[in-house]
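To keep things clear, I will list the structure first and then write my remarks on it.
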Amino acid sequence: MLDPIETTRRAFLSKTGIGLGSLALSQLLPARTNATTEKITGQVTNSIQHFVPKAKRIIYLFQSGGPSQIDLFDYKPLLNQKQAEELPDSVRQGQRLTGMSANQATLPLAGTAFKFKQHGQSGAWISDLLPHTSEIADDLCFIKSMHTEAINHDPAITFFQTGSQISGRPSMGAWISYGLGSMNKNLPDFCVLVTKDKGGQPLYARLWGSGFLPSKFQGIQFRAGKDPVLYLTNPDGVSPTCRRLMLDRLHDLHQMQYDREVDPEIHTRMAQYEMAYRMQTSVPEVMDLSEEPDYIFDMYGPDSRNPGTFAANCLLARRLAERDVRFIQLYHQGWDQHGGLPNGIRRQCQETDQASAALVADLKQRGMLEDTLVIWGGEFGRTSYCQGKLTPTDYGRDHHPRCFTVWLAGGGIKPGITYGETDPYSYNIAQNPVHVYDFQATLLHLLGIDHEQLTFKYQGRHFRLTDVHGNLLHDILA
């Protein structure tokens, strides 16, 4: 057992060392230190923005499974002309295929079953699967030259959300929460909404986790039903007054523990308890859609009256954005169409098209689009050749990381433009490639953050969302 005097001496030196180190660091990096100190105490924080931001918040509509760019945005008439012909070796160039189609005897080209038209003054090519998205074409920036190294779902989604194909890193929302802090002390900085009752590739809580950052920066999932946030409601027989008294006493005990151990995670836990207490009032208020007018429900579509659907989550995302939640992540599964693509993708678009467009239009009419960045896209695209049997009315497409499309709107992005270009087969990038790290670096830039300077030291190394990569996409910035 340690001698009490030795224990006291260690605690004194530990506290003194931290205090002197913090004082010295505050003279070198005042904004960073102040922000970190306030984060630990759970208060509304000062940001560490390196320059004037163009966006205050992000709403990320993540389409899990890999939407087919060929059937939605990347118009390639050559594929229809060469229907059922073999994918040329000069196009494939020996590139890796997944195990699901690598052993196929042939790789027959499959044109789209859907019609394309140009829309708006921008002349953006959009499939007839997306009539509502077509109406807001001039508000959108299409990036058609996204690419990634990941060829399977889990590493590809993890890469987009955390900057690494291997799990364990902080999610993008956690990095942003860590760097910028809260704009609303009564709601989490980072909220997650997952469409209910959807099959498809599994989603794991680590996709919105905090990794090695303090746990207060992890995303909080909102659910449909009686308890939108788990374990938030007081148990039977526990009144708000009783809960407040318990938290006050628990705070005293935690403070005693902190004074003894000087572990910042203790303050994180204290802040989370206090946030949960405040959310007992704020969450029911934000989830209550009873005062939304009928025309808003009509704008988002009939599903918006059904909690937990993609449409209802888009409407809830707007309400969270109004209350200055910093990062709002929506996940919609089911885009993984290895077979039966025409029927499957039609169903997916019916579930997402109207609400996605309505969210952009709704933010715009409220004057919020200019400082809210909306993102739509998945983890990779789909192949131009058919996986499985190709028929005149049916086809499937395998994973394709070499090129795919995402769109962005608002928040400092140039509207009405298309950036990047693919080859006539939508197989390789012909112009202006955009890597996942370039994409992440640009999102941080729009929030006022230099992606190279938002770091956290862990196990002796300074980590960042973009690892050691990332180039800013100047041409898409307004």
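Bear in mind that the values in this text are calculations on the coordinates, not laboratory data. Everything numeric in this text was worked out from a predicted model, so none of it was measured. All Cβ positions, glycine included, derive from the backbone under ideal geometry; neighbour counts span all protein chains shown.
Annotations
- Across the alpha-carbon atoms of the chain, the computed radius of gyration and Dmax are 24.2, 85 angstrom.
- Computed label-point distance, nm, for sites LYS115 and ARG461 using a 7 Å Cα→Cβ extension: 5.3
- Order of ILE345, ILE151 - criterion: other Cβ atoms within 10 Å of each residue's Cβ, fewest first: ILE151, ILE345
- Only Cα pairs under 8 Å and 6+ residues apart enter the sum, and on that basis the relative contact order of the chain stands at 28 percent.
- Each of LEU230 and GLN453 was given a label point 7 Å from its Cα along the Cα-to-Cβ line. The distance between the two points is 3.9 nm.
- For segment 162-272: Kirkwood Rh in Å [reciprocal of mean 1/r, alpha carbons]: 16.3
- Compared with the dominant Cα axis of the chain, that is its longest principal axis, helix 310-322 is turned about 40°.
- Shown is the FRET efficiency for GLN350 and ASP259, computed with R0 = 60 Å from the Cβ-Cβ distance and rounded to the nearest 0.05: 0.55.
- Converting phi to 3J(HN,Hα) with the Karplus coefficients 6.51, -1.76 and 1.60 and the offset θ = phi - 60°, segment 238-254 yields 9, 8, x, 5, 5, 4, 5, 5, 4, 5, 5, 5, 5, 4, 4, 5, 5 Hz in sequence order, with x at every glycine or proline.
- What the phi angles of segment 366-378 give under the Karplus curve with 6.51, -1.76 and 1.60, with θ = phi - 60°, is a coupling list of 9, x, 9, 5, 5, 10, 10, 8, 9, 10, 10, x, x Hz, glycine and proline written as x.
- More than 18 Å apart - percent of Cα-Cα pairs taken over segment 106-180: 64
- Annotation for LYS185 and ASP394: the two label points, set 7 Å from Cα along the Cα-Cβ direction, are 6.0 nm apart.
- Segment 324-410: trypsin sites (Lys or Arg not before Pro) in DSSP loop, at most 15 other beta carbons within 10 Å: ARG366, LYS389
- Solvent-free Debye scattering, log10 I(q)/I(0), computed from the Cα coordinates of segment 337-478 at q = 0.10, 0.13, 0.16, 0.18 Å⁻¹: -0.47, -0.77, -1.04, -1.17
- When VAL286, VAL406 are arranged by Cβ crowding within 10 Å, least crowded first, meaning fewest neighbours, the order is VAL286, VAL406.
- Antiparallel bridges, percent of DSSP beta bridges restricted to the chain (to nearest 5): 45
- Filtered GluC sites (Glu not before Pro), segment 239-302: DSSP coil and at most 14 other beta carbons within 10 Å: GLU291
- Trypsin sites (Lys or Arg not before Pro) restricted to DSSP loop in segment 190-299 with at most 13 other C-beta within 10 Å: LYS226
- Centroid-to-centroid, using Cα positions, segment 185-253 and segment 59-75 are 30 Å apart.
- Between helix 153-162 and the chain there is an angle of about 50 degrees, using the helix long axis and the longest principal axis of the Cα atoms.
- Of LYS216/LYS457; LYS56/LYS364; LYS198/LYS364; LYS185/LYS226, those spanning more than 25 Å from alpha-carbon to alpha-carbon: LYS198/LYS364
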